[in-house]
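Below is one structure, written out as structure tokens; comments come after it.
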Amino acid sequence: MSQYIHDSHSVYCCDYHIVVCTKYRREVINKGLGTYLKNKAYEVTRFYPKLRIKEFSHDKDHVHMFTSIPPSMSVGSFIRLYKTNSSRNIKAQFVFLKQVYWGTDSLWSEGYFSSTVGINETIIRKYIQHQGMEDAGQTATLFDE
């Protein structure tokens with residue numbers, strides 16, 4: 001189960017599964033480029049400490065991230081930060097990308113996939129249905145299943 005993050009005026013658990021695909025779904029992500037992209041994901045968290053990358057993996061044409069994004073930031077803002085940071089000057093370091101993506105500076109497709117990760121629907125329904133029936137100490141145990 002995910003841990004709740006305590007901020008100055010909120011408590012939250014906003015975890016997301018995010019998938020970002022390469023432009024034209026070209027299979028260009030090798031081991032070296034994959035490591036570079038992973039490092040760039042963690043680099044974003046140095047400048048935005050409330051962001052957390054919990055897992056990162058890649059295939060030849062996309063990357064997967066399990067992230068925690070604070071409610072004050074949209075998922076789209078995080079994606080924009082990651083895509084911008086990871087594709088800046090990438091062709092200078094990985095020269096083979098110049099042949100694959102000639103005529104464009106972009107590595108990433110325009111879209112992305114995101115899905116929330118958290119407490120399942122059954123637990124939320126049970127919690128809402130039992131509001132006011134149990135004392136606060138027992139209600140808190142609904143989330144421990």
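What follows draws every value from the coordinates through simple rules; no lab data is involved. Given the structure is predicted, the values throughout are model-derived calculations rather than measurements. In this analysis, Cβ positions are derived from the backbone assuming ideal geometry, glycine residues included, and neighbour counts consider all displayed protein chains.
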Return the total of residues in segment 116-129 being of a type in the set (S, T, Y) and surrounded by 10 or more Cβ atoms within 10 Å (Cβ to Cβ).
2
Just give me the residues in segment 82-103 being among the charged types (D, E, K, R) and closer than 20 Å to F56 by Cβ, in sequence order.
K83, R88
When you check F96 against the structure, is it of a type outside the set (A, V, I, L, M) and over 21 Å from H9 (Cβ atoms), yes or no?
yes
For segment 115-124, name all the residues that are assigned to a loop (DSSP other than H, G, I, E, B) and not polar (S, T, N, Q).
G118, I119
